[in-house]
Structures are given as C-alpha cells and as structure tokens.
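To start, the structure itself, in structure tokens.
The values are calculated or read from the model by the stated rules, or taken from the named source; none is laboratory data. Owing to the predicted nature of the structure, the values given are computational and were not obtained by experimental measurement. Cβ: placed from backbone, ideal geometry, glycine included. Neighbour counts: every protein chain shown. Surface accessibility is based on the protein's heavy atoms, side chains included, excluding ligands, DNA and RNA. Shrake-Rupley method; radii C 1.70, N 1.55, O 1.52, S 1.80 Å.
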Amino acid sequence: MKKRIFAFFTFCVVIFGGNTAFARTVFSDVPESSLQFPAISKMAELGVIVGDTEGKFRPNDYIDKFETAKVLARISGYDPIDGSDADKSFYARAFDKNRTYLAQYANMYANWNTSCDREIAYLLEKEILTPDDLKTFVGKKADGEEGVFATTKETAAMFLVKAVNKKDAATAAALPTLYLDDTQISAAARPYVYYLKNLDANTRDLRNNFSPKQAITRADFAVLSAALSDYFSLPKLEERKSLPNFQEPPTEVLENFDAVFDGTTASGGNVYAQFILDDNTKKLYKAATPVSVTVNGFMRTVEDLPTGARVRVILKNNMVADIKADTVGGGNFTIDDGENVTLVSVSGVISGKSSDLAAKTITLKLASGELNSYVLAETAKITREGEAANFDALLAGDVSEAKISGSKIYELNARDKTRQVEGLLTETEVDKNGVVTLTLKPSASAEFTRVLLNGAMPVTRDAKKATWKELRIGDLLKITCEYDTATELSAYGTKQDVFGIVSNISIDSKKSTLTLATGEAYNADNIDIYSLRVGDTVKLRLDSGEIYALSVSQKKQQPYVIGFVTSIDETNLTILDISSKILGETTVQLTEKTVFLDENGSDIEFSEIKENVKVRVMFDGTRKNAVSVTIM
C-alpha cells in the first residue's frame, strides 16, 4: 500500500541530514528571489531540514507527522550518536518505557513508520508530544484506505515552540488579534501561533489569513523553524561554528529591580516603558515582544498598568521582559477629611461583611485564596454595577475592585457574581476530565470570552430543549454566568444555503473545514468531504457556521493554476503546474489586458516575471488567456 498523506493527499519524501554542514545552500527548486529562501537555506545549513539527492528541496510538499517528529527530536537535542552517556541512558529508558505502547500502533497500521519510534519515545518523555498526539499520525478514510496525516500549520506551531522549551513564554503572553482568520485557530494553538508571529515568522497569505487547519508545506515549516533557530539544542555545536554564516545564539543577560511605573511611550513601532527608581532617577526601556505583565496574580498588558503602580521589573538583554505588580494604583491621594494616604488596588470576591458601632468591615477573598478584612472609611465611595451604592447594597459573592491604604478601603467598585454573556460560538473544547469550555466572539468586542459549562444547566436551541452537543459553530449564544461558569444557555441558529467554488479543504483529527473562493470557511465535521476537490462548485446547507448537507452542482476546472515559471516571452507563459494532482506544464497566452502583480497585490512590470518564480495565473472564461499573473 502506498503511503498517503491526508490533507490534499499528496505523496512526498523528506530527507533529514545528520551532522552535515552546508554553506549558503541553493536548491534547484528554490530561487533566491523566493521570500522563503533565507529560512530554507538556514535550516539546510543547520542540517535540520535538507533537500533530496537530486538537489531539490520540494518546498511545496507537505510534511507528515513522522517527518515532523524527526525535526522536533533533532532541534530539542536528541543525539543518539554523539550524545553523552547520560543522554543515551535517557533515550534508552524512554524507548523501553514506550516500546509496548508504540508497538500497538505499528500492529494497527501498516503505514506506521517504526523507524521513528525512538524519536517519538524521546518526545513523549520530554512532553513535547502527548499520547493523544499519536492518534493523529496515521488514520483511515471512510473507504478504509490508510494514510499518514500531514501536520497542520497550527499543530506545527505548537510542536515547534514546545520543542525549543518556549511553552511558558508562549502561554504567558497576551493574545491580540493578528490574523483575519483568528477565529479558525484553536484556543490551544493560539498562544503558540502568536508567539511565532511575534518572532516575524510570516506564513500568512495576501489576505492576512494564517490558515491554521491547512497542511503545512516544507517551505512554511522551514519559516516557522527558522524563527526559533536561536533556541535550537542542536548536537555538535563546535562543528557548526565552522559554517560561514554561523552566529552564536544570543546570551541572555537578566537584571531585576523594584520601581514605580511611570507610563509608556510608542516610537518606531516599539513600546517603551518608563520607571522611577528608589533614588528618583528615571529609566526608559524598550518592551520585549511579548512582555509578561501580571497584576495581583492576573495576566494583564502594559497598557493596564496605571502610572504610580509599584512594580518588580525583569530585564532580558536590557529589554523589559516581565513586570509584576502586587498592588496597583499607587500615588498620593488626599481624602475628604484631609488625611493624606497612598492608595493601592486589590481585587477579590466579597466573602462577608459586618457592621457595629465602631466600624463597617468587608472581607475579600483574593485570587490566591487568602481572606483579608478591611475597614470601610467613613468617606469611602462605593459603586455597584456602575451606579452609586452604599454598604448595605453589597452582597456576598460580589466581584470587587477596592482602593485601600493599609487595612482601610477608600473606594470600592462591585458587580454581581452573575453576568450576561452574548456572542457567536467559535469553538467547543472538551478536556480529558470531560469539562466543556465554549469560546465566544462578542459582537461589540475584539476580545474572546471563554465560558465553562455546568453539566446540569438548562440549554435551549431555537427555543427547543437541547444539549451542549447540539450547539453549532456560528450560533448566537446568550449565556447567564456565575463567575466563569454558565448556569443557563440559549442558542439561536441560522439555516441558509450557500453556493460557491471550493478553494481549500482541510482535514485533521479534530476538525474538518471547507473554504470557498469567497474566503468564508465552514465547519465540515458532520459530512463526508473526501470526494471533493478544489475547484468544485457546491451547494452547502448550513446550520449557523456548520455544514449539515452538501451537493456538487458542477465539477469544474479551477479558474487558476499555481506553479513555477519554466519559460516566458511577450505572448506566452509556460509554468509547471503544481495545483493539480498530476504535475505538468501549462501554457497560457499573455494579452494587452494581462496584469502583473507582486506578492502584496501591487502592479509590477512584465520584466519582473522570471523563470523559476512561483506564480498564480488567473484565467478568463476561455482558460486560454491570462487575466493576471501574481508572484507568490
């Protein structure tokens, strides 16, 4: 049985180097004008991902899970030949521990690659892979045909960041919106994708889509890997130092100090934070990307820190890498009775209150679980749900932010533990303990909201009794929450028919997605899409954002081809077509109306289209004349 890669069902071969050193590597199928050339060349020089015996890199081939495992093991320090005795002992223990477990997969699947078992065992022991990851290495289609799964782009990001021991840095960072298709990136993968994006690992398309569920090509895998190359634990470092382009990984110089936060300023696309030291001198430092900020144990951003907050700062290579604030809102304030105090902020849940002739007392349960009691100042300002309130209006369980000095509260803002959340469902997750988490995109906010489900809560969908399993991606959810746990949920779906041309098919172990030429992507977990091909004209029956029925109205040839230019003159363009199942040359005619575009969609001259450059050619209705030629 031939080895098949599930995604676009393409067969590919990848050869990984041993300790071979490469000078500036040139492959016959990777022109130096390619945007991916520097990354591909660097990975080849390091011996991480190299070409085949014909001098080709095969940049557009997909990389499967076994080949991915070999790269992960190598960059994380696996060296069975030249490793120390202690390392080799660790490798042996890892393999012995997982040998029986791996043998089960080998017995189950003819395409299980046993030559990778030692690397996989090493990755399991290092917790770079988990046992659940192995379930996605090999699988079977509906017709029973067996194949090897390709690695998706978001999975590659997760694996690579873990392999270089940057998991904590990735998961501690803030999560901005960086891609047009952010909602398609799973919540588990999002921190790792963003971490690589912040390292300038650019694998987006012209519309700023990351395409997380799409199988990753060798070229894009090289781009993601190269962004992390400073953190590789490659064997035989001394030999690599002889390479012409070798650079020592930067040495991390750490420094920490206590100070008062004095605000931020932006310049040249960078953010700078200013601090006042104990001797009243001011220091300005560039903020690293990303920078970790915690306030009272909660993750925050630099923008959340008010001027005057007392902070502990950690510098890495003279850049702000970490800011911790135990209390927020420092600075001198004059209270109505003339008392001059320094106020700081604390947050927690009201666990109790008491009142007598001497004082009114509020007890807060902090995030750490600690119970602290505070006396309410006579002039204290109290609000609840944004409106002025008094001591009697405060309830046990209220979520509160208080400004205090010592053990006295001077300002308190409270809200009910119960809140209403509304938004579109973007993802449903179930952890190993059966805990269900929903991710929503609120219509009025760029932030995503995550809500835990209470298994006994009432659920309705379109006014009918339902379970959470009947919810559909794209449903409008109206949820009543107690803290972060849903206690009541109402869902509203929209059924409609959509027509379009298939532009992308993504299949992995967790999710199947069908994308149309309009750029809209739909969940296809509930239907069989294995017989579809890119370019088919389809009718989709949608329930919110999920497909529940599909019909092919016409099998059409795609209106474009993608490939590498093999020859060009003023009237004809011939390319090696890589967008079809069978490789072959296609010749199209250039007319006076043909436009030429660069990778950003800007007009360029005809003379800039060179041989060996990868292009997308759009046809007119005749499929003979080129409407546009775009460099990719």
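Among the residues here, Ala188 does not qualify as in contact with a strand residue (DSSP E or B) (Cβ under 7 Å, 6 or more places away or on another chain), aliphatic (A, V, I, L, M), farther than 18 Å from Phe232 by Cα and assigned to a loop (DSSP other than H, G, I, E, B). Looking only at residues of the range 305-321 that are in a strand (DSSP E or B) and either modelled with pLDDT under 75 or open to solvent by less than 30 Å² (accessible area, probe 1.4 Å) (or both), we find that the one that is farthest from Ala227 (Cα to Cα) is Val311. In the range 390-407, the residue that is nearest to Thr361 (Cα to Cα) out of those that are open to solvent by less than 40 Å² (accessible area, probe 1.4 Å) and in a loop (DSSP other than H, G, I, E, B) is Leu394. Within the range 516-531, residues that are more than 21 Å from Leu425 (Cβ to Cβ) reach partners that are open to solvent by 30 Å² or more (accessible area, probe 1.4 Å) and at pLDDT below 75 with beta carbons closer than 7 Å, at six or more positions or on different chains, in the pairs Asp528/Ala142; Tyr530/Lys141; Tyr530/Ala142.
As an exercise: evaluate Thr151 against (1) under 30 Å from Thr301 (Cα atoms); (2) touching a strand residue (DSSP E or B) at 6+ places or on another chain (Cβ under 7 Å) and give the number of the one condition it does not meet. With (1) under 30 Å from Thr301 (Cα atoms); (2) touching a strand residue (DSSP E or B) at 6+ places or on another chain (Cβ under 7 Å) applied to Thr151, the lone miss is (1).
Checking Leu583 against (1) hydrophobic (A, V, I, L, M, F, W, C); (2) open to solvent by 40 Å² or more (accessible area, probe 1.4 Å); (3) modelled with pLDDT of 85 or more: exactly one of these is not met. Which one? For Leu583, the failing item is (3). Summed over the range 110-128, residues that are on the phi < 0 side of the Ramachandran plot, under 31 Å from the mean Cα position of the chain (by Cα) and exposed (fewer than 13 other Cβ atoms within 10 Å of the Cβ) total 2. Close contacts from the range 303-317, counting a first residue that is on the phi > 0 side of the Ramachandran plot and a second that is surrounded by 15 or more Cβ atoms within 10 Å (Cβ to Cβ) and of a type in the set (Phe, Trp, Tyr), with Cβ to Cβ under 8 Å and a gap of 6+ residues or different chains, come to Gly308/Phe261. When the residues of the range 352-370 are filtered to those that are within 27 Å of Gln420 (Cα to Cα) and surrounded by fewer than 14 Cβ atoms within 10 Å (Cβ to Cβ), which remaining residue is farthest from the chain's Cα centre (by Cα)? Checked the range 352-370; the qualifying residue farthest from the chain's Cα centre (by Cα) is Gly352. Residues considered: Val459, Val451, Val430, Val421. Of these, the only one that is open to solvent by 50 Å² or more (accessible area, probe 1.4 Å) and among the β-branched types (Val, Ile, Thr) is Val430. The condition of being among the β-branched types (Val, Ile, Thr), surrounded by 14 or more Cβ atoms within 10 Å (Cβ to Cβ), out of contact with any Asp or Glu (no Cβ under 6 Å at 6 or more places or on another chain) and at pLDDT below 80 holds for only one of Val271, Val302, that being Val302. Which numbered condition trips up Ala456, out of (1) over 30 Å from Asp182 (Cβ atoms); (2) without any contact (Cβ under 8 Å) to a residue 40 or more places away in the chain; (3) touching a strand residue (DSSP E or B) at 6+ places or on another chain (Cβ under 6 Å)? Among (1) over 30 Å from Asp182 (Cβ atoms); (2) without any contact (Cβ under 8 Å) to a residue 40 or more places away in the chain; (3) touching a strand residue (DSSP E or B) at 6+ places or on another chain (Cβ under 6 Å), Ala456 violates only (3).
The set of residues in the range 494-546 being closer than 24 Å to Ser186 by Cα, hydroxyl-bearing (Ser, Thr, Tyr) and open to solvent by 40 Å² or more (accessible area, probe 1.4 Å) consists of Thr494, Ser503, Ser509, Thr518, Tyr530.
Within this structure, Ala491 passes the test of being aliphatic (A, V, I, L, M), farther than 21 Å from Asp181 by Cα and buried (at least 18 other Cβ atoms within 10 Å of the Cβ). Would you check if there is a residue in the range 332-341 being at pLDDT 75 or above and either crowded, with 17+ Cβ neighbours inside 10 Å or within 26 Å of Asp278 (Cβ to Cβ) (or both)? Checking the range 332-341: not a single residue is at pLDDT 75 or above and either crowded, with 17+ Cβ neighbours inside 10 Å or within 26 Å of Asp278 (Cβ to Cβ) (or both).
Taking the criterion of being basic (Lys, Arg) and either in contact with a helix residue (DSSP H, G or I) (Cβ under 7 Å, 6 or more places away or on another chain) or free of Cβ contacts under 8 Å to residues at least 24 places away in the same chain (or both), the only residue of the range 134-152 that qualifies is Lys140. Selection of the range 1-52 for residues being in a loop (DSSP other than H, G, I, E, B), touching a Gly at 6+ places or on another chain (Cβ under 6 Å), open to solvent by 10 Å² or more (accessible area, probe 1.4 Å) and modelled with pLDDT of 50 or more yields only Ser28.
Within the range 56-109, being among the hydroxyl-bearing types (Ser, Thr, Tyr), assigned to a helix (DSSP H, G or I), open to solvent by 10 Å² or more (accessible area, probe 1.4 Å) and in contact with a Phe, Trp or Tyr (Cβ under 8 Å, 6 or more places away or on another chain) holds for Tyr91, Tyr105. If you go through the range 603-630 and keep only what is open to solvent by 60 Å² or more (accessible area, probe 1.4 Å), without any contact (Cβ under 8 Å) to a residue 60 or more places away in the chain and either at positive phi or not in a strand (DSSP E or B) (or both), you end up with Glu605, Phe606, Ser607, Glu608, Glu611, Gly621, Thr622, Lys624. Pairs meeting the criteria (first residue in the range 215-229 and without any contact (Cβ under 8 Å) to a residue 24 or more places away in the chain, second residue assigned to a helix (DSSP H, G or I) and β-branched (Val, Ile, Thr), beta carbons under 7 Å, at least 6 apart or on different chains) are lacking. Testing Asp181 on (1) more than 30 Å from Asn107 (Cβ to Cβ); (2) open to solvent by 10 Å² or more (accessible area, probe 1.4 Å); (3) within 10 Å of the chain's Cα centre (by Cα), one condition comes back false. Which one is that? Unmet condition: (3). Considering every residue within the range 139-155, establish whether at least one is at pLDDT 80 or above, over 18 Å from Cys116 (Cα atoms) and open to solvent by 40 Å² or more (accessible area, probe 1.4 Å). No, the range 139-155 contains no residue that is at pLDDT 80 or above, over 18 Å from Cys116 (Cα atoms) and open to solvent by 40 Å² or more (accessible area, probe 1.4 Å). In the set (1) more than 25 Å from Val627 (Cα to Cα); (2) at pLDDT 80 or above; (3) out of contact with any Leu (no Cβ under 9 Å at 6 or more places or on another chain), the condition left unmet by Lys510 is number (2).
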